[in-house]
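J.: The structure follows.
Rule-based calculations on the coordinates, nothing more; no lab input. All values reported here derive from a predicted model rather than from experimental measurement. Here the Cβ is made from the backbone with ideal geometry for all residues, glycine too, and neighbour counts use every protein chain on show.
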Amino acid sequence: MAAPLDNPVFGLIGRTAAECGARAYVIGGFVRDHFLGRPCCDIDVVVTGSGVQVAERLGERLGVKVSTFKNFGTAMLRYRGLEIEFVGARKESYRADSRKPVVEDGTLEDDQNRRDFTINAMAFSLNEDDFGELVDPFGGIDDLKAGIIRTPLDPDTTFSDDPLRMVRAIRFATQLGMTVTAECIEAIRRNRERIAIISRERITAETEKIIMSQRPSRGFFLFDKTGLLELVYPDLYRLKGVEKRGGRAHKDNFVHTLKVLDNVAAAGGDEWLRWAALLHDIAKPRTKSWDDRVGWTFHNHEFVGARMVKGIFKAWRLPLDHKMRFVEKMVLLHLRPIALVEDEVTDSAVRRLLFDAGDDIEPLMTLCRADITSGDDRKVARYLRNFDTVESKMRQIEEKDRIRNFQPPISGELIMRTYGIEPCSAVGQIKNAIKDAILDGRIANDYDEAYRLMTELAAEIIPDKKPLA
Ligand code: ATP
Ligand code: MG
């Protein structure tokens, strides 16, 4: 492991603090990540005294700009790829209705007491007399080695003071593959209603780190175990459970969804495909019904689910832009490849799927493969083989017909100009019929063939109109 403080800037911080009559320590994430061997460019420095003063003096010395936030008593500067934040050591006390504490100046120990977890409360001294010494009053290093997340002080106080810490506990456990102590789990359960004072943006920011982890399911199982799921993600909570009728049970859609999410993560899916995995079956509870002949059904859950995406993105404060539309599209189309496999893989069906998915066909196929979570290995293997067939057929057809970014060769504009007509239903009818003929393979994706079909269709649909010369 590289020496943690071999960058000369650390010594300089210590000397600058001494000149201001203060002591400085690097604390929190940087120290933790050093022991985990994770690279970290965010450096938090706590100063017993004025953090702003030390930052300003250091900024002068290094010739870099310092941004100060006087109201918060913090200052930040950037130096050679590092982002260094300075804050005065503080002691915090909380009121019940807010996560904004009353803050007073404090000692290093006070500052460590207000930290969320023991693994985040460790500090290295930057001062000449004990430079590089680890200050670890709560055994953070042992917890890190044992893979344990726990609070420095009484967990009920820590979680109730700032309930965001409940979600952070789950996030760190998921991200670092660690375990939240039973005591902390119980404390989160007891304090879970306090989550109501936390802004949705904060919860989503932590959840993004959860879903970007190697095994995101851990986080959502912890949301469930702590009772937070129902409060924070009610739509996911509703996916839970199995109902049985006449000996026929449907699968637990919460467990299934999380398996799909893990599969997408393992396949290297990006953030938006991961949200799509989390939401792909979101409408199953709403569409569930019982049919005496076939058992449990979830008809149209892909359509209903796609329509739920926007409201959910709004509620979760996720962006309402092309990323949301991508998720809608994935939810809407997630059954198409499998339906294709179950029927016969016709060229026409493959063309339609390529047309509807466009450039998103690859992530869609990743999602569909991830969606196969049967416990029956033979069945899984068979489905995956069938997907291989579909994909090779897609490649052939794409090469031949270039469907992915397909624009029908005859536009509505051209139809109107040719027949000297205004926009009307006949234009749409002709245009769609041409598109269908190409997707069905009845005519080639070619201007001349499409033009010929247009004249045939027009003769039927608008017999009184003749092409203008
Ligand atoms: P990462 O940057 O990887 O998300 P981090 O531990 O650096 O992890 P930050 O949010 O950057 O997390 O916070 C820096 C440090 O500030 C933490 O290590 C922790 O000591 C402290 N901290 C952050 N948020 C809280 C909180 N809500 N309650 C108590 N301490 C906190
Ligand atoms: Mg950080």
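J.: After finding the eigenvalues of the alpha carbon gyration tensor for the range 103-164, what semi-axes result from the square roots of 5 times each, listed largest first in whole Å?
T.: 22, 17, 7
J.: List the residues, sorted by chain then number, that are 5 or more residues from residue 79 or on another chain and whose placed amide H is less than 5 Å from its amide H.
T.: Counting only residues 5 or more places away or on other chains, the set is 84.
J.: Can you tell me how the range 418-469 classifies by the Cα gyration tensor, rounded, prolate or oblate, using a/c under 1.5 as the rounded cut?
T.: Note, shape of the range 418-469 comes out prolate.
J.: Would you please name the chymotrypsin sites (Phe, Trp or Tyr not before Pro) within the range 60-157 that are DSSP coil residues with at most 14 other C-beta atoms within 10 Å of their C-beta?
T.: In loop regions of the range 60-157 (DSSP not H, G, I, E or B), the sparsely surrounded chymotrypsin sites (Phe, Trp or Tyr not before Pro) are 72, 131.
J.: Follow-up question, since we're still on this one. Sort the range 278-318 into rounded, prolate or oblate with this rule: let a ≥ b ≥ c be the square roots of the eigenvalues of the Cα gyration tensor; rounded if a/c is under 1.5, and if a/c is not under 1.5, prolate when a/b is larger than b/c, oblate otherwise.
T.: Judged from the Cα gyration tensor, the range 278-318 comes out prolate (a/c at least 1.5, a/b above b/c).
J.: Which entries in 284/329; 310/393; 244/284 show an alpha-carbon gap greater than 25 Å?
T.: Those over the limit are 310/393.
J.: For a quick check: with amide H placed at 1.01 Å from N, whose amide H comes under 5 Å from residue 150's, ignoring anything fewer than 5 positions away on the same chain?
T.: 118, 119
J.: How are the C-alpha pair distances of the range 113-254 spread across 10 Å bins, as whole percents from the shortest bin up?
T.: Percent of Cα pairs in each bin: 12, 36, 30, 15, 6, 2, 1, 0.
J.: Enumerate the amide H contacts of residue 88 below 5 Å, restricted to partners 5 or more residues apart or on another chain; note that Pro and chain-start residues carry no placed amide H.
T.: HN-HN under 5 Å from residue 88: 47, 51, 52.
J.: Follow-up. What GluC sites (Glu not before Pro) in the range 220-275 are in a loop by DSSP, with at most 13 other Cβ atoms within 10 Å of the Cβ?
T.: 243
J.: For helix 200-211, report the angle its Cα long axis makes with the longest principal axis of the Cα atoms of the chain; keep it between 0 and 90° and round to the nearest 10°.
T.: Long axis of 200-211 versus the principal axis of the chain: about 80 degrees.
J.: Hey, what did the chain get for relative contact order, percent, Cα under 8 Å, at least 6 apart?
T.: Here the relative contact order equals 8 percent.
J.: Using only the alpha carbons, work out the radius of gyration and Dmax of the range 208-362 in angstrom.
T.: Reported Rg and Dmax, both Å: 16.1, 49.
J.: Taking the Cα centre of the chain as origin and charging only Cβ (+1 Lys, Arg; -1 Asp, Glu), how large is the dipole, in debye to the nearest 20?
T.: Charge dipole of the chain: 1060 debye, to the nearest 20.
J.: If you take the Cα atoms of the range 52-187, find Rg, then find the Kirkwood Rh from the mean of 1/r over all pairs, what is Rg/Rh?
T.: Looking at the range 52-187, the ratio lands at 1.00.
J.: Less than 21 Å apart at the alpha-carbon level, and either on another chain or at least 8 residues along: which lysines does that give for residue 466?
T.: Qualifying lysines at Cα under 21 Å: 431.
J.: Could you give the dipole magnitude of the range 139-267 about its Cα centre, charging the beta-carbon of Lys and Arg +1 and that of Asp and Glu -1, in debye to the nearest 20?
T.: 600
J.: Okay, helix-only estimate at 222 nm for the chain: each DSSP H run of n ≥ 4 adds -39500 (n - 2.57), divide by all residues, round to 500 deg cm²/dmol; what do you get?
T.: -16000 deg cm²/dmol, from helical runs alone.
J.: Let me ask something else. Name the residue from 239, 219, 204 whose Cα lies farthest towards the positive end of the charge dipole of the range 199-279, charges +1 on Cβ of Lys and Arg and -1 on Cβ of Asp and Glu.
T.: In the range 199-279, that residue is 239.
J.: Roughly what % of DSSP beta bridges within the range 1-110 run antiparallel, to the nearest 5?
T.: The antiparallel proportion sits near 75 percent.
J.: Would you work out the charge dipole size for the range 94-162 about its Cα centre, treating the Cβ of every Lys and Arg as +1 and the Cβ of every Asp and Glu as -1, and quote it to the nearest 20 debye?
T.: 440
J.: Then there's this: Using only the Cα atoms of the range 369-469, what are the Rg and Dmax in Å?
T.: 19.9, 65
J.: Residue 100: which aspartates and glutamates have alpha carbons under 15 Å from its alpha carbon, excluding same-chain residues fewer than 8 sequence positions away?
T.: Output for residue 100: 92, 116, 161, 162.
J.: Put +1 on the Cβ of each Lys and Arg and -1 on the Cβ of each Asp and Glu in the range 85-212; which of 138, 120, 169 then has its Cα farthest toward the positive end of the dipole?
T.: 169
J.: Next up: In whole Hz, with x marking every Gly and Pro, tabulate ³J(HN,Hα) for the range 375-383 from phi via Karplus 6.51 cos²θ - 1.76 cosθ + 1.60, θ = phi - 60°.
T.: x, 8, 4, 5, 5, 4, 4, 5, 4
J.: Give the residue from 41, 29, 18 lying farthest towards the positive end of the charge dipole for the range 1-62; charges sit on Cβ (+1 for Lys and Arg, -1 for Asp and Glu) and the dipole is referred to the Cα centre.
T.: 18
J.: So which lysines can residue 145 reach, going by Cα to Cα under 29 Å and dropping same-chain residues fewer than 8 places off?
T.: 91, 209, 225, 259
J.: Then there is this: Based only on the alpha carbon positions, what is the Kirkwood hydrodynamic radius of the chain, in angstrom?
T.: For the chain, inverting the mean 1/r across all distinct Cα pairs yields 26.6 Å.
J.: Which three lengths, in whole Å and largest first, does the range 288-396 cover when its Cα atoms are put on their principal axes?
T.: Sorted largest first, the three principal extents are 41, 40, 25 Å.
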